[in-house]
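Okay, so here's the structure we're looking at.
The values are calculated or read from the model by the stated rules, or taken from the named source; none is laboratory data. Note that the coordinates shown come from a computational prediction; the quantities given were computed from them, not determined experimentally. Heads up, the Cβs are rebuilt from the backbone with ideal geometry, glycines too, and the neighbour counts pull from every protein chain shown.
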Amino acid sequence: MKYVQNARLENNDSPKKSLLHRVSHQEKNNPKDVLISINHVSKKFCRNLKRSMAYGIADLTKNLLGLKPNTTMLRQAEFWALDDVSFELKRGESLGIIGVNGSGKTTLLRLLTGIFPPDKGELAVKGRVGSLVAVGAGFHPHMTGKENVYLNGTILGMSKTEIQTKFQNIIDFAEIGDFLDAPVSTYSSGMRVRLGFSIALHCVPDILLVDEILSVGDLGFRNKSLRRMREFREQANALIFVSHNLEQVRILCNRVIILDKGRVVFDGTTYEGCTQYQEMTREIRLDGMKTDQVQLTDEKLKVRYSSQDEIDLIDFGIMTPQHQKTNKIAMDESLLIFCDFIVKKDIEQIYFSAGVLDEEQHVCIHVVSNDDDKMQFPTMYKGSYRILVQIPQHHLMPGIYIPQISIRNDRTGETYERIWSNCSFQVTTDGRTLERGIIAVQENWKLNKID
């Protein structure tokens, strides 16, 4: 498969020549072979349905009359979903595309698959493309799974003989053998993803496009799919992977592009890209919350299982070793979580638990005070208190985290206060290149020659 999408550039009335040319078999296997070339591509959409339909009819009429509609200017209610995007993807590269919702990721993939033409710029794709950009894309809901294998395989460029040869492998990988003769409309979203992904892999594409699909499948299938995509990448093919799961991006991709409001704001290594994206999303959250770092109010705390008759919360957050409130600590600094509260009546057998969650709400750290013999409280009398837990070596990777603390009754198990702070904090790098992992450790390497 080889196609070129051209759009007239501003101040240039003639489209550029194709960025691609026919290549020999030896050149096609060149690891430096450019499979995707995007040059100043822009795509616009209309926010208003009625105006969008009117614009579409007007543009279609101009095309029928042999007139070229002006696609380089925005009309009322239009916006640029992609704005002056340029990059190349070579054979053997795996590119992660990340960005907040609405940044243009899916639009870019739809241009690459030929669903949309660009309004400006030039887009060139060489080789067979396997794409999975939507659950059930390319399936007919009233046809059986078997019939859709042939339909979708044909859409992806497979011959009937090729589909027949690979049919059983497709079904085995998708794990839908018992439902092969059932209409796809009866399939769950996970089953449709498994079948679509299996077909896309078995068409042996030069380029595989995957858009946030692995979040739908079950854990076993996700792990199997990640292994197959790693194998696909190692066979000198090209992969474009769109996801909000940065760990999957780190596993699969050796390069990252960040899209923001339709524009490329970063194109570089996976580690630097993921780190910058985490910082971007953190700044967005902080801008939205307009957090007062001096003292938190009830509106800025997420409180569950609250028992206001016994305890009132005053303040909660992260401190530096100098006991100053902060939202940023270094990897080699101690982590201090504190909570100020008022006990309104005497309570017996109090204990505390504290923890840290990552952005996906996974518990990274959890500690409890009754594991420490010095922190046993037979009775907590009325008054104001501060509980402070210090974790000298937290081993957290660079990233964004959420502190947590609970105040509980050790005898009854009742939870008086359970607090997650909406004021997330950042762990900054100490200069080491840490691309993956759950924890950061200090290590020593030694190389000895063995006789």
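A few notes on this one:
- Residue check, VAL265 surrounded by fewer than 16 Cβ atoms within 10 Å (Cβ to Cβ) and over 22 Å from ALA174 (Cβ atoms): yes
Residue by residue, here is whether (1) out of contact with any Leu (no Cβ under 9 Å at 6 or more places or on another chain); (2) not assigned by TED's automatic domain parsing to the domain that holds ASN39 holds:
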residue: GLU122; (1), (2): no, no
residue: HIS140; (1), (2): no, yes
residue: MET158; (1), (2): yes, yes
residue: GLU162; (1), (2): yes, yes
residue: THR165; (1), (2): yes, yes
residue: ASN169; (1), (2): yes, yes
residue: SER188; (1), (2): yes, yes
residue: PHE197; (1), (2): no, yes
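- Out of ASP181, ASP211, ASP218, ASP206, sole residue that is without any contact (Cβ under 8 Å) to a residue 40 or more places away in the chain and in contact with a strand residue (DSSP E or B) (Cβ under 8 Å, 6 or more places away or on another chain): ASP181
- Residues within region 87-101 that are part of a loop (DSSP other than H, G, I, E, B) and in contact (Cβ under 8 Å) with a residue 12 or more places away in the chain, tallied: 5
- Evaluation of SER94 against (1) of a type in the set (Ser, Thr, Tyr); (2) under 16 Å from ILE257 (Cβ atoms); (3) surrounded by fewer than 22 Cβ atoms within 10 Å (Cβ to Cβ) (one fails), failing number: (3)
- Given (1) within 20 Å of the chain's Cα centre (by Cα); (2) crowded, with 19+ Cβ neighbours inside 10 Å; (3) small (Gly, Ala, Ser), number of the condition GLY102 does not satisfy: (2)
- Yes/no for GLU231 being modelled with pLDDT of 80 or more, on the phi < 0 side of the Ramachandran plot and of a type outside the set (Lys, Arg): yes
- Wholly enclosed helices (runs of 4 or more DSSP H) of region 156-247 bearing at least 1 residues among the basic types (Lys, Arg) and surrounded by fewer than 21 Cβ atoms within 10 Å (Cβ to Cβ): 160-174, 219-234
- ILE329 vs. criteria surrounded by 14 or more Cβ atoms within 10 Å (Cβ to Cβ) and either free of Cβ contacts under 8 Å to residues at least 24 places away in the same chain or under 27 Å from the mean Cα position of the chain (by Cα) (or both): yes
- Boolean, LEU82 is in contact (Cβ under 8 Å) with a residue 60 or more places away in the chain, surrounded by 19 or more Cβ atoms within 10 Å (Cβ to Cβ), touching a Gly at 6+ places or on another chain (Cβ under 9 Å) and not assigned by TED's automatic domain parsing to the domain that holds GLU247: no
- Residues that are in a helix (DSSP H, G or I), of a type in the set (Lys, Arg) and assigned by TED's automatic domain parsing to the domain that holds GLU247 do occur in region 58-69, at least one of them.
- Of all the listed residues (ILE318, ILE350), the sole one being in contact with a strand residue (DSSP E or B) (Cβ under 9 Å, 6 or more places away or on another chain), at pLDDT below 90 and not assigned by TED's automatic domain parsing to the domain that holds GLN248 is ILE350.
- Where strands (runs of 3 or more DSSP E) sit wholly within region 353-398, those with at least 1 residues that are more than 34 Å from the chain's Cα centre (by Cα) and at pLDDT below 80 occupy 377-380.
- Complete set of residues in region 248-277 that are in a helix (DSSP H, G or I) and either within 20 Å of VAL41 (Cα to Cα) or touching a Cys at 6+ places or on another chain (Cβ under 8 Å) (or both): VAL249, ARG250, THR270
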